[in-house]
1. Collect the residues in the stretch 53-72 that are among the β-branched types (Val, Ile, Thr) and exposed (fewer than 13 other Cβ atoms within 10 Å of the Cβ), keeping them in residue-number order.
2. Can you tell me which of SER99, SER38 is modelled with pLDDT under 75 and loosely packed, with under 15 Cβ neighbours inside 10 Å?
3. Could you check how many residues of the stretch 47-60 are more than 11 Å from LEU104 (Cβ to Cβ) and either of a type in the set (S, T, N, Q) or part of a helix (DSSP H, G or I) (or both)?
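The values are calculated or read from the model by the stated rules, or taken from the named source; none is laboratory data. No experiment lies behind these values; they were computed from the predicted model shown. Please note: Cβ atoms are built from the backbone with ideal geometry, for glycine as well, and neighbour counts cover all protein chains shown.
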Amino acid sequence: MICEICGKRKATRTIIIEGAEVEVCDSCGNADLIQSRSKVKTNRRKEKFVTHRLRDDTKTRIEDFMKSRGFDIRALSLYTKISERDLSNIMAGRLVDISIIRKLEKAIGKELLIEEVVSEIIEDESDTKSERVSLESFLKAEERDNGKRSQETD
């Protein structure tokens, strides 16, 4: 890779100028105002899309807990501070708010939800960067374009 400042020599390191990472040769990288860094930070973003479903044996797990404690649905509601309606819905296999199910899981000490990863997206922002151009070649191209524009207007 060529130096992005002078465009004449081979770039030997990455430096930061005004927050931008620039590949430079040794002579261009020796300026006192330039902050040097050996590792280039990659901007990776990872997103997971997750769905939840109740376990098939949710009702059995709750009933086993209730039997072991001698609870009916009302006593379980008082013990967990979850409404009888929500408890009935959970036992019937209907999803209610995830936080309520997590609260019940914690109270009875058994897992009731199955978490399934639907898709996982890993986006590497460094892959989207275009080809690097030296400052000198950019300025030459701009001068050339400006020259063509002035000829077209004449």
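1. Here is the first cut: in the stretch 53-72, the ones among the β-branched types (Val, Ile, Thr) are 58, 60, 62.
Of everything in the stretch 53-72, just one residue is among the β-branched types (Val, Ile, Thr) and exposed (fewer than 13 other Cβ atoms within 10 Å of the Cβ), namely THR60.
2. SER38
3. 3
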